[in-house]
Every structure is written in C-alpha cells, then in structure tokens.
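A.B. asks: I'd like to ask you about the structure that follows.
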Number of protein chains: 2
Amino acid sequence: MGLISTHKALEIILNETEGFGVEGIPFLESLGRVLKEDIYADRDFPPFNRVSMDGIALSFDAFERGLREFKIEGIQPAGSKQITLHNTNNCIEAMTGAVLPHNSDVIIPYELLDIKNGIAKVNINEVKYFQNIHKKSMDRNFGDILLRENTLISSAEIGVLATVGKNKVKVTRQPKVMIISTGDELVEVDQIPQNHQIRRSNVYTLVSLLKRLNIQAETAHIQDDKFTLKTKIEKYLEAYDVLLFSGAVSKGKFDFIPEILDDLDVEKRFHRVSQRPGKPFWFGKKNHKTIFAFPGNPVSTFVSCLKYFYPWYQKSVGVNYQNNDFAVLSEDFSFPPEVTYFLQVKIESKNGTIYATPIKGKGSGDLANLVDASAFLELPADKSNFVKGEVFPILRYRDFK
Amino acid sequence: MGLISTHKALEIILNETEGFGVEGIPFLESLGRVLKEDIYADRDFPPFNRVSMDGIALSFDAFERGLREFKIEGIQPAGSKQITLHNTNNCIEAMTGAVLPHNSDVIIPYELLDIKNGIAKVNINEVKYFQNIHKKSMDRNFGDILLRENTLISSAEIGVLATVGKNKVKVTRQPKVMIISTGDELVEVDQIPQNHQIRRSNVYTLVSLLKRLNIQAETAHIQDDKFTLKTKIEKYLEAYDVLLFSGAVSKGKFDFIPEILDDLDVEKRFHRVSQRPGKPFWFGKKNHKTIFAFPGNPVSTFVSCLKYFYPWYQKSVGVNYQNNDFAVLSEDFSFPPEVTYFLQVKIESKNGTIYATPIKGKGSGDLANLVDASAFLELPADKSNFVKGEVFPILRYRDFK
C-alpha cells in the first residue's frame, strides 16, 4: 500500500525545509525568535575597572606600607565620572558599579571598616591587589562575538542584546501559515452542533501548538465541495508559506484534499505513514510552498504537528531540530501492530531521570485523554513488547507540568 | 548579619502569595493561563455512534447469516443526518466521522471490499459486532468533568475547550507587574553610554522572563534621588500588584530602596539571603502588594526571578509550584563558601537522564556566560564538594535547547 516509515517521512520532510527571510524587530520582541546576525561586544566588558563591593578604594602600596587608617577624600558613586585619589595615603568611598577611582587599586568593603569623623579604619591585615574589582575587559573584549547567528533567543540573550545596545535585531521572519479545516460535520466553537455535527477544534489546537513556536497562524474552514476547495486552496497557496490541513486525506468519498492538491500541481512527497495514530498523513510541495495534510482525528493532528511540523520549522529557521528528549518507560507495554505507536504518557522526573507512564486511552480520537497526559512516547515499529526501563524519544506539549 | 537560607526565604515568599481575581477571555488566548472553572462535557463523546473507518455499514446479523455481497442503498457522509438502512440485506457507504446509519452495526473498510455495479463484495469471513464504530459516550458522558479548575492550559486543553463550545473561558487574571531599575549609571538601550555608564538590561531580562509566564510587565527607571524615588514608588505601589526592583539593595551610599520602602510602610520580610549570586535580595509586603527587590547584578536578578518570583506566581495562580526538575552533575565541582550556590550549567539529556555540566564563568556579573548555559544548578549551602553523579535541582530558562 506504499506506507512509509516515520523515519523516512521525517527525512523527506527535513529535506524540504525553506527559508522565510530576515526581518529587523525591536529586541524586546525577539524572545523565542532566531537570531540572524552575530552580535559583537560594542566595548570591553566591564568597560572600566568596576567596583564590585560597596566600601573604600585605596592604594595597595599604602596598605602594604602598613597604613590602616585612611582619610576619606571623596566619594565615587556608580554612574559618575572617574575621580582621582589625590593623596594615596587617603581613600575614596566607592560604590558597587562605580568606576574604580584613579590611583586606587583595592576595594575594602564596609563590613571590614569602622568609619568615624571622616576616617576609615581598616580591620584586616591582608588585602589582595585589585580585590573586589571587576577588571576592565575581564569578561569580554571589544569586538568579541557574544551571540552567534542562529541562536534561539532566550531571556539571557535579551539581556545581552540590551547590554550592547541592539535596539533592533535581525531575526528569521516567521512563516505565514494557514490552517485549514474541511468537513461538513464541523460547526464553529460558539455554535450548538446538531446531533450529527461536532465543533471545529483541530485548527485551534494547531494554532496553539504553533503559538509555542511564536508563529501566529491564521485559520479557515472550507466546505466539502470540490470547486470551492480548489478555488480557495489555490488562493492560499499563493498567499502563504505553509498550509496545514486537518482531515479529508483518508479513503472516504469526500476526502478530496489529495486529489485537489494534485490538480493544483502540488507534488505529493508521500501519503500514508506507518504510524498510529496518523496513518493517512499526506505531505507535498509546490515550489517553495509546503503542505502538511494531517488526518482529521484530533490526536493524529496533534501528534503529527509535534513530530513533523516542529522539526521542519526548527530546521527551516536554523536551530536544533533533533529530538534529544527521551524518557524511561515506567511499566511494560505492548502494542502488536508493526507500526510506530505514539503512546500518550504522563511524565515524571525522579533523581534527574525522566519517566513516562502510559495513560489508558480510548482510541486515537479521544482528545480528552490528552489532558491527562503531557507527552507522546514514540514506540518503534519493529517491536511489539516494550519493557519497563527501556528508553524512547518523547514529544512533550506542556511547558510547566 | 541576619542572612537567611534560600529555603527559609522561599518559605516566607510562598506564605505571601496573592490572588489576582478571575477574568473571562476568548479560549484561544488562554494558552499558558490557569483555568478558573471546571469544564464539563456538554454532550456525550462521541455524541453518536461514530463511523471510524471509510467503508460500508451493514447489519451484523446479515453477515452472520452468510451474506457476503451487499447492494449499496445509499451514502452516509460525515456531517449529514443519520439515514436508515432500509433493507438489512443491503449496505450503506459510510465515511469516517459520520453517524452510523440506523439498522447497521458493523463497518467494513474499503480495503476489504470490491465494489462493482453498486454491489460491495466483502473479502473476509469474520466481523465483530460494532467493529470500526466509536460508540456513543464511550469516551465521556454528558456532564462529566473534562478539565478541572486550576489546570494550566496547554494545546490539549485548547482542543477540549473548542470541542465543548467554551468560546470564553474563566482564567486567573494576571498580576500587574512594574519592573523598576534605579542607578544613575544606567542609560537606555538605544543610547551610547559614556565611559562610566552602562545600558539598562536587567529590566528587559525580567520582562522576558515574565513573558514566559504570560505576564506583560511594564518597566520604569528612577534616578537615584530620594524624593523622586519615594514619590514614584508610592504611585506604583498604588497601581500594581507586584513591584520588582533590580539594584540599590546593598550597602552602598545610594542604595536607597530598603529605606524608602520602609518609609512607605512596606514591611520587610527579609533582607539578605545566604546565596551566591544574589545575597542582598530584599523582600517585603504592603497589604496585598508584593515587593521583590533583587540585587542589581545581572545574574543575581536573573536567578532570583527564577528561584523566587516564578514559584510565588505559580502558587498564587494555583498551579504546581514545586520544582521537580533535577539534574545529575556530570563532573566534580567545589564551592567552599557555606551559601547556596547557583551554578551556571549546560543541560544534556542522555538515555532519559538529565546531566548538568558547569560553565566556567567569570563572576556573578557576567551576563554573557548565561548565553552558553541553559540552567542554574542549585548547590546546597551545607556542602563544599559536589561529586559527579550527585543530583540537584535545576532552574531552566530555555525551552527549546
């Protein structure tokens, strides 16, 4: 029947990645986006010898000569121009973040001082040259690369971008994605379905799965009418980088999607994958447009998006797309059919190890079971019995659970 | 000196959680928010005996009586009202998602049929009663609770909300958060700092860390002037649920924050925690307003937000706030001071186990090292030598790395 393996399906998909171009955006909006330029240090870091404790700045030599009492000559706050210690037998009060005063090379913190009548008395007998001073350029030098192109921007990168004054930053443009449902049985979320109808839900699940990738997708619904389908899909193929379909790819009389995509010169790359759920998955290309047509049952759509669309997007924008997330099966499980099985599991972390426990579902169409699970465990096709303690890849969909 | 342990600090903070009320929002905007109502099945799921494969619907009895050829009486598409099999020696073509036709109780998929001249010939000799039919109410009954209050909404919950027609959903209102920087050394991101100045970065790091919790925080900068500080902070205490400060909580001459908060009748709960980085952390309350005053160095601010603000928020809105994220130290590490140490680490997953490898930093102020790391490993105060293979809590700040 021409079923291909999940491995082969993913390989084909990953050979069909696309670039979406580059755009400049305000740095604070770049969280979760992918950097498309190298970011350099615009000065040394620290840019000056920076006081790293509140206290007094004095001369190492003076201390070594035995001086323990220092007249306070002045004060060096953070954010003020560097002042000078004129008499190196004196000291200057200096604050965390301030420039180290000229002629001083030691900071002694307030905790080790008594200050009376403008004299700081030091209660220690040993200091180190340059102690409590964060030396100019110790972290980075002017011109050093701080962030490399293709970095996925986290809060740490946001801080660096602010520090070097990258008010606007180059990132990958996000793909324009249209998510399309078909099927005359579907009604809108705010409608009361008749007995033979159900509400549209898959497109919204997909919207929210894409939101986790910072993609703002649009949605549309098309009735099961060949002419309407063809006209609308043709338009969407023009306007979007990616079309995601949910449904109408199986063997039903009204499963028009493969036929219509063929009519529109979309090249089928494969149809049907040896997996459960999600067997009737169809994937194709038309020039630089990419079409994922997922099967219509809710769980098929859900897991296919995680398994195929996520890495396709990640490779397209230049970040890591390998799934390095694995879990240990916490109890025996068997699944006789020789297809890859995406098992719904609960995830637990114990002593640094991730354990996956099967959720007893009621068939692939049961969306409600997904709320008890937090990931899919990917069980390979070439085995039927999976033993407690074995390790398999997982696809997670909750961030804080 | 009155330092308290990180454990005690967190305990105090978690005793000071707040509620922010409830609001109704469009369900599609509720990803990452916390549900504040139970969600019920508004009908049975499936709501009817649902055909789960494309093929023919027929009578089990007829098949058992030996019939193998069935005249096709009609077609039952998904989304159409239930039709009736009038002659139980015949069959009806029925599509995935359709209502099972009246008088039929078996679905045989197209793969097992030959259809010619309106007659479906069945190529098997055994069927099961109700095969390939997803039975009415098999998943859930009308009135069952599908989602419970206090669920953190993932894409799975979005799908359920759509399915039951919850167009608007009750979620916790998010706290109104003002993030305040002080310090005359700070200039805006789009400005060129003078030699003794640096750019404002901590507030933006915090904005982005809060964005991961779906909180849209605001920011302000106040110069180091007592009158201005007091006037502005007083106003912010009125208008916001939470104030986050970065800086001016140490022992410097211009570290006015604790004094001014005291003037404004904010009750100090603690000042200074036995941790590195982040020792001068100050925490207080004024009625239902909560004030986190983090130390000003970038890494202190960063880790303190993850360690203290995150669980405070999570407990406040009613979701799990326990850190169940642990990692195995991948090499020996020693840190003699008897304080909790937040070690910057790289995270790797091998065979289902999470390993943490130390990043060699250059002091707590070095934001640039955070870009090489992806988490902090929390090393307890009562030990100095940490051995390869030991397990410690981690605080992660990257989602896809």
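The values are calculated or read from the model by the stated rules, or taken from the named source; none is laboratory data. Keep in mind it's a predicted model, so treat the numbers as computed, not measured. Heads up, the Cβs are rebuilt from the backbone with ideal geometry, glycines too, and the neighbour counts pull from every protein chain shown. Ligands, DNA and RNA are excluded from the accessible area calculation, which covers all protein heavy atoms including side chains. Shrake-Rupley method; radii C 1.70, N 1.55, O 1.52, S 1.80 Å.
A.B. asks: With the requirement that a residue be within 12 Å of chain B (Cβ to nearest Cβ) and part of a loop (DSSP other than H, G, I, E, B), what does region A:80-98 give you? Reasoning before the result, please.
C.D. replies: Step one: of region A:80-98, the residues within 12 Å of chain B (Cβ to nearest Cβ) are A:80-83, A:92-98.
Listed by number, the residues that qualify are A:S80, A:K81, A:Q82, A:I83, A:M95, A:T96, A:G97, A:A98.
A.B. asks: Take A:G252 and decide whether it is in contact with a Ser or Thr (Cβ under 6 Å, 6 or more places away or on another chain) and over 24 Å from B:V160 (Cβ atoms).
C.D. replies: yes
A.B. asks: Still on this structure, please answer the following. So, B:V319, is that one among the aliphatic types (A, V, I, L, M), under 27 Å from the mean Cα position of the chain (by Cα) and open to solvent by 30 Å² or more (accessible area, probe 1.4 Å) or not?
C.D. replies: On the way: among the aliphatic types (A, V, I, L, M): yes; under 27 Å from the mean Cα position of the chain (by Cα): yes; open to solvent by 30 Å² or more (accessible area, probe 1.4 Å): no.
In short, no.
A.B. asks: I would also like to ask the following. Step by step: first the residues of region A:333-388, then only those that are of a type in the set (D, E) and under 25 Å from B:D325 (Cβ atoms), then the one that is surrounded by the most Cβ atoms within 10 Å (Cβ to Cβ). Which residue is that? Write out each step before concluding.
C.D. replies: Within region A:333-388, the subset of a type in the set (D, E) is A:338, A:348, A:366, A:372, A:378, A:382.
Within this subset, residues satisfying the condition of being under 25 Å from B:D325 (Cβ atoms) are A:348, A:372, A:378.
Details: A:E348: 15, A:D372: 13, A:E378: 21.
Once the filter is applied, the top-ranked residue is A:E378.
A.B. asks: Here is a further query. Out of all the residues in region B:129-154, which are among the acidic types (D, E) and more than 10 Å from every other protein chain (Cβ to nearest Cβ)? It would help to see each step written out before you state the result.
C.D. replies: Start the filter on region B:129-154 by keeping residues that are among the acidic types (D, E), which leaves B:139, B:144, B:149.
The answer is B:E149, and nothing else.
A.B. asks: Select from region B:226-238 the residues that are open to solvent by 50 Å² or more (accessible area, probe 1.4 Å) and under 26 Å from B:G19 (Cβ atoms) and list them in ascending order.
C.D. replies: To start, the set of residues in region B:226-238 that are open to solvent by 50 Å² or more (accessible area, probe 1.4 Å) comprises B:226-227, B:230-232, B:234-235, B:238.
Matches in region B:226-238: B:E234, B:K235, B:E238.
A.B. asks: Filter region A:43-75 down to residues that are of a type in the set (K, R) and in a strand (DSSP E or B) and give me whichever is least open to solvent (accessible area, probe 1.4 Å). Talk me through it step by step, then tell me what you get.
C.D. replies: Quick first cut of region A:43-75, residues of a type in the set (K, R) only: A:43, A:50, A:65, A:68, A:71.
Okay, now just the ones that are also in a strand (DSSP E or B), so A:50, A:71.
On the way: A:R50: 49, A:K71: 117 Å².
The extreme case among them is A:R50.
A.B. asks: Hey, another quick one. It is to be established whether one or more residues within region B:7-21 are surrounded by 19 or more Cβ atoms within 10 Å (Cβ to Cβ), in a loop (DSSP other than H, G, I, E, B) and more than 9 Å from chain A (Cβ to nearest Cβ).
C.D. replies: So far as region B:7-21 goes, no, none of its residues is surrounded by 19 or more Cβ atoms within 10 Å (Cβ to Cβ), in a loop (DSSP other than H, G, I, E, B) and more than 9 Å from chain A (Cβ to nearest Cβ).
A.B. asks: Consider A:E37 carefully, then state whether it is more than 9 Å from chain B (Cβ to nearest Cβ) and either in contact (Cβ under 8 Å) with a residue 24 or more places away in the chain or of a type in the set (F, W, Y) (or both).
C.D. replies: Numbers: more than 9 Å from chain B (Cβ to nearest Cβ): yes; either in contact (Cβ under 8 Å) with a residue 24 or more places away in the chain or of a type in the set (F, W, Y) (or both): yes.
So A:E37 passes the test.
A.B. asks: For the condition in contact with a Lys or Arg (Cβ under 6 Å, 6 or more places away or on another chain), open to solvent by less than 10 Å² (accessible area, probe 1.4 Å) and in contact (Cβ under 8 Å) with a residue 40 or more places away in the chain, what is the one hit in A:F302, A:F292, A:F283? Reasoning before the result, please.
C.D. replies: Working: A:F302 fails: in contact with a Lys or Arg (Cβ under 6 Å, 6 or more places away or on another chain); A:F292 fails: in contact with a Lys or Arg (Cβ under 6 Å, 6 or more places away or on another chain).
It is A:F283.
A.B. asks: Which condition from (1) open to solvent by 20 Å² or more (accessible area, probe 1.4 Å); (2) under 23 Å from B:G165 (Cα atoms) is the one that B:A78 breaks?
C.D. replies: (1)
A.B. asks: With (1) of a type in the set (D, E); (2) farther than 30 Å from A:P280 by Cβ; (3) in contact with a helix residue (DSSP H, G or I) (Cβ under 6 Å, 6 or more places away or on another chain) as the list, and A:E69 as the residue in question, which single condition is left unmet?
C.D. replies: Looking at each condition in turn, A:E69 falls short on (3).
A.B. asks: Can I ask one more? In region A:155-167, which residue that is within 7 Å of chain B (Cβ to nearest Cβ) and β-branched (V, I, T) is farthest from the chain's Cα centre (by Cα)?
C.D. replies: Keep residues of region A:155-167 that are within 7 Å of chain B (Cβ to nearest Cβ), which gives A:155-160, A:162-163, A:165, A:167.
When the remaining residues are screened for being β-branched (V, I, T), the result is A:158, A:160, A:163.
On the way: A:I158: 13, A:V160: 17, A:T163: 22 Å.
Only one residue fits best here, namely A:T163.
A.B. asks: Pick out the one residue from B:E126, B:E73 that is free of Cβ contacts under 8 Å to residues at least 12 places away in the same chain and more than 30 Å from A:R396 (Cα to Cα). Reasoning before the result, please.
C.D. replies: Values: B:E73 fails: free of Cβ contacts under 8 Å to residues at least 12 places away in the same chain.
It is B:E126.
A.B. asks: Name the residue that is least open to solvent (accessible area, probe 1.4 Å), counting only residues in region A:168-207 that are farther than 30 Å from A:F27 by Cβ and within 21 Å of the chain's Cα centre (by Cα). Let's see the steps before the verdict.
C.D. replies: Within region A:168-207, the first condition is being farther than 30 Å from A:F27 by Cβ, and the residues that meet it are A:180-205.
Okay, now just the ones that are also within 21 Å of the chain's Cα centre (by Cα), so A:204-205.
Details: A:Y204: 22, A:T205: 4 Å².
The residue in question is A:T205.
A.B. asks: Cβ-Cβ distance below 6 Å, separation of 6 or more or different chains: which pairs start in region A:306-322 with a residue that is farther than 14 Å from A:L210 by Cα and end on one that is part of a helix (DSSP H, G or I) and open to solvent by 20 Å² or more (accessible area, probe 1.4 Å)?
C.D. replies: A:K315/A:L14; A:Y321/A:Q314; A:Y321/A:K315
A.B. asks: Hey, does region B:208-219 have a residue that's in contact with a Leu (Cβ under 9 Å, 6 or more places away or on another chain), over 24 Å from B:D366 (Cα atoms), among the hydrophobic types (A, V, I, L, M, F, W, C) and crowded, with 24+ Cβ neighbours inside 10 Å?
C.D. replies: For region B:208-219, residues in contact with a Leu (Cβ under 9 Å, 6 or more places away or on another chain), over 24 Å from B:D366 (Cα atoms), among the hydrophobic types (A, V, I, L, M, F, W, C) and crowded, with 24+ Cβ neighbours inside 10 Å: absent.
A.B. asks: Can you confirm whether region A:81-90 contains a residue that is touching a Leu at 6+ places or on another chain (Cβ under 7 Å) and open to solvent by less than 30 Å² (accessible area, probe 1.4 Å)?
C.D. replies: Quick first cut of region A:81-90, residues touching a Leu at 6+ places or on another chain (Cβ under 7 Å) only: A:89.
Okay, now just the ones that are also open to solvent by less than 30 Å² (accessible area, probe 1.4 Å), so none.
Checked region A:81-90: no residue is touching a Leu at 6+ places or on another chain (Cβ under 7 Å) and open to solvent by less than 30 Å² (accessible area, probe 1.4 Å).
A.B. asks: Just checking, which of B:S250, B:S274 is among the polar types (S, T, N, Q), under 17 Å from B:Y308 (Cβ atoms) and over 26 Å from the mean Cα position of the chain (by Cα)?
C.D. replies: Values: B:S250 fails: under 17 Å from B:Y308 (Cβ atoms).
Going through B:S250, B:S274 in turn, the sole match is B:S274.
A.B. asks: Go through region A:99-167 and tell me which strands (runs of 3 or more DSSP E), entirely inside it, have 3 or more residues that are open to solvent by 20 Å² or more (accessible area, probe 1.4 Å).
C.D. replies: Numbers: elements: A:106-109, A:113-116, A:119-122, A:145-147.
It comes to A:113-116.
A.B. asks: Looking at region B:78-129, which of its residues are of a type in the set (D, E) and under 26 Å from A:Q223 (Cβ atoms)? First the steps, then the outcome.
C.D. replies: Here is the first cut: in region B:78-129, the residues of a type in the set (D, E) are B:93, B:105, B:111, B:114, B:126.
The one that is of a type in the set (D, E) and under 26 Å from A:Q223 (Cβ atoms): B:E93.
A.B. asks: Would region B:61-73 turn up any residue that is within 14 Å of another protein chain (Cβ to nearest Cβ) and at pLDDT below 95? Before you say what the answer is, go through the steps one by one.
C.D. replies: Within region B:61-73, the first condition is being within 14 Å of another protein chain (Cβ to nearest Cβ), and the residues that meet it are B:72.
Next, from what is left, pick out any that are at pLDDT below 95: none.
Among the residues of region B:61-73, not one is within 14 Å of another protein chain (Cβ to nearest Cβ) and at pLDDT below 95, which makes the answer no.
A.B. asks: Which residues, counting only those in region A:208-235, are within 14 Å of another protein chain (Cβ to nearest Cβ), of a type in the set (A, V, I, L, M) and over 31 Å from the mean Cα position of the chain (by Cα)?
C.D. replies: From region A:208-235, those within 14 Å of another protein chain (Cβ to nearest Cβ) are A:208-219, A:221-226; that's our starting set.
The next check asks that each one be of a type in the set (A, V, I, L, M); those that pass are A:209-210, A:213, A:215, A:217, A:222.
Once the filter is applied, which keeps residues that are within 14 Å of another protein chain (Cβ to nearest Cβ), of a type in the set (A, V, I, L, M) and over 31 Å from the mean Cα position of the chain (by Cα), region A:208-235 yields only A:I222.
Quick grid of which residues meet (1) touching a residue at least 60 places away in the same chain (Cβ under 8 Å); (2) within 14 Å of another protein chain (Cβ to nearest Cβ); (3) touching an Asp or Glu at 6+ places or on another chain (Cβ under 8 Å):
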{"residue": "B:G183", "(1), (2), (3)": "yes, yes, yes"}
{"residue": "B:L186", "(1), (2), (3)": "no, yes, no"}
{"residue": "B:N195", "(1), (2), (3)": "no, yes, no"}
{"residue": "B:V249", "(1), (2), (3)": "no, yes, yes"}
{"residue": "B:E259", "(1), (2), (3)": "no, no, no"}
{"residue": "B:R269", "(1), (2), (3)": "yes, no, yes"}
{"residue": "B:S274", "(1), (2), (3)": "yes, no, yes"}
{"residue": "B:K279", "(1), (2), (3)": "yes, yes, no"}
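A.B. asks: Checking A:K135 against (1) out of contact with any Asp or Glu (no Cβ under 9 Å at 6 or more places or on another chain); (2) under 23 Å from A:R68 (Cα atoms), which test does it fail?
C.D. replies: Evaluating A:K135 over (1) out of contact with any Asp or Glu (no Cβ under 9 Å at 6 or more places or on another chain); (2) under 23 Å from A:R68 (Cα atoms) leaves (2) as the failure.
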